[in-house]
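Down below is the structure, laid out as structure tokens.
Every number in this text was worked out from the coordinates using simple rules, so none of it is lab data. This structure is a prediction, so every number in the text was calculated from the model and none was measured. Here Cβ is always computed from backbone atoms with ideal geometry, including for glycine, and neighbour counts include all displayed protein chains.
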């Protein structure tokens, strides 16, 4: 037995022999295929074979390889429109300027169906113009009606950019049995949906495999689905088959490395040896592929920093203008900017490190053009340096915001507050208002897509709270700074109607109320805001300052605050209880190992009110609310009809006992990462409130500032209700 095979012994029940043979050597399919092309009977057959080869490389996730092969084959077949079109699609997926190539093809061949096909593919993968690709794909299909490639491309455009209704209609319209590539699209759509069942994913994979045994996605997508649910041993045979079909694709190898890192039973040295072996194989065949170097560097980031640095240096030296190099430089910038933010939060400035970040930003912006997202991030990082500099002038702050604003299309929840800060700290209120209104326009654009893809009203409400609420809050703050109170009230009330989870919004509502002489309303807003996450810190500071402005000192403040809180407590309780699920469903059953031994079973909770908190040590809000959760558990420790328990989602549990001891946490902990993924519990922290009959009546996503109080209200409501009622 080979050493690589021994290292993969946990996969013994999952076709380990095939898997380990892949680690020992990937067979090359490209060279034999090229040989067969040269032996083709006619030039037309050779051109068709060349196009098919590039197409298969694309569908096999070997995008750099198929772009390279396509460019070489076009020298032999310069008039082959399908070959040129599929090569352009490969360029799009490998990060090249595919749209320029597609436009050139269309200019040379006006109205040519394959030129339309190429342009649609380039648009679908464009970082900013993806939605246009759907219209272009429809045009291409109209020019080549019924052509399998054109049908596939329209489906791909819809899966990436269309509405749920459009996607469902597309798949419903396909003839039966459907084309393998279309089935693979349906599989991709199902495997990415949070509510897809395991049976649906694997049924689609089987149908796709039956329609085309060489379809890589029939193997790769189920593997991804399983890995997302922390089931690496089950993912192994799918990855083995995918790598047999497309042995040189960096994306497939990266998923293999991810599986090895997740596999229980492998020691760190065993993981390292297996990954080393496979990285060598990939770089032997794709050492000139920047994306392969980037993938290899990423897997070594924590496992072997020196190897990571060597691969990054190689990538930057050999391919400085590649998208992979930009991604590496962007990752470095992000790490520096994150460190700056942490220092700022801790009030521990480091001028030398800030100067280092500033130089890195200048070099990044002066270097090869990055992606639009990376460019926006770089200007955002530069803005934060100016914002946090106590010596920055108002003009410098204005310049930093205006430099950043045109590029920011997504992180409007950061750009909006920057506009508000500009209005409050500088005389540039008009400029700040223009940026805030631009945020609203961009948020509405994002909501147009969100409305078509939202699964239900709750999903749409979440998108509105994420995109629109911060934009309207920013506009309200800017108008408030200009003392345009009626307009400010309209904007802030709009934000308040969209979300009640932003403490800074309550501060701005209170500031408006105080400016209008409504002191009682101002205090109520701040008390209400103090109950949301981070609200106690943000809103209590504002409430205390308001009290000092009214009474000249803090004397008597604590008593005053408690009286205010008592007055609004019943209103808050009713708001919390109003979040009960209209039609409660059963708690998904589980039998999970407990930290320290034993098992936690869902059926053992029947007859009691259960509070189940899902958490991870990597989730900061989870960690922050754990002491309060311990207080809740202590408060009900003597109750026979209430149980407070937790499910931890960390990949490994070895560190948990010491981690809990350090924080004096004695909570019951079950280990259930797979359980959470299988049941789409993906927001952390998440708390389930289960009645005596086993129905989930309340859920609380995200952390809670007043945890003991609000969780107790839910518990008491379930205690008072009839079983199942």
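When 523, 554, 583 are checked against the criterion of being assigned to a loop (DSSP other than H, G, I, E, B) and over 29 Å from residue 614 (Cβ atoms), 554 stands alone in meeting it. When the range 476-496 is filtered for residues that are touching a residue at least 40 places away in the same chain (Cβ under 8 Å) and either touching a strand residue (DSSP E or B) at 6+ places or on another chain (Cβ under 7 Å) or surrounded by fewer than 17 Cβ atoms within 10 Å (Cβ to Cβ) (or both), only 482 remains.
Only a single item in (1) more than 21 Å from residue 377 (Cα to Cα); (2) in a helix (DSSP H, G or I) is not met by residue 443, and it is number (1).
Looking at the range 681-696, which of the residues that are outside any loop (DSSP other than H, G, I, E, B) and out of contact with any helix residue (DSSP H, G or I) (no Cβ under 6 Å at 6 or more places or on another chain) is farthest from residue 641 (Cα to Cα)? Walk me through it before giving the result.
The initial filter retains those residues of the range 681-696 that are outside any loop (DSSP other than H, G, I, E, B), namely 686-690, 695-696.
Subsequent filtering for residues that are out of contact with any helix residue (DSSP H, G or I) (no Cβ under 6 Å at 6 or more places or on another chain) retains 686-688, 690, 695-696.
Working: 686: 22, 687: 18, 688: 16, 690: 12, 695: 15, 696: 16 Å.
Looking at residues that are outside any loop (DSSP other than H, G, I, E, B) and out of contact with any helix residue (DSSP H, G or I) (no Cβ under 6 Å at 6 or more places or on another chain), I get 686.
Scanning the range 648-680 for residues that are in contact with a strand residue (DSSP E or B) (Cβ under 7 Å, 6 or more places away or on another chain), under 30 Å from residue 462 (Cα atoms) and in a helix (DSSP H, G or I) returns 675, 676. Among the residues making up the range 586-599, those that are within 30 Å of the chain's Cα centre (by Cα) and part of a loop (DSSP other than H, G, I, E, B) are 587, 588, 589, 590, 595. Exactly one residue out of 378, 399 is part of a helix (DSSP H, G or I), within 18 Å of residue 416 (Cα to Cα) and out of contact with any helix residue (DSSP H, G or I) (no Cβ under 7 Å at 6 or more places or on another chain): that is 399. Taking the range 294-325 as the range and being part of a helix (DSSP H, G or I), over 23 Å from the mean Cα position of the chain (by Cα) and under 20 Å from residue 258 (Cα atoms) as the test, the residues that pass are 305, 306, 307, 308, 309, 311, 312. Screening 249, 277, 242, 273 for residues that are more than 21 Å from residue 190 (Cβ to Cβ), buried (at least 23 other Cβ atoms within 10 Å of the Cβ) and touching a residue at least 24 places away in the same chain (Cβ under 8 Å) leaves exactly one candidate, 249. Within the range 600-635, the set of residues being without any contact (Cβ under 8 Å) to a residue 60 or more places away in the chain and outside any helix (DSSP H, G or I) comprises 601, 617, 618.
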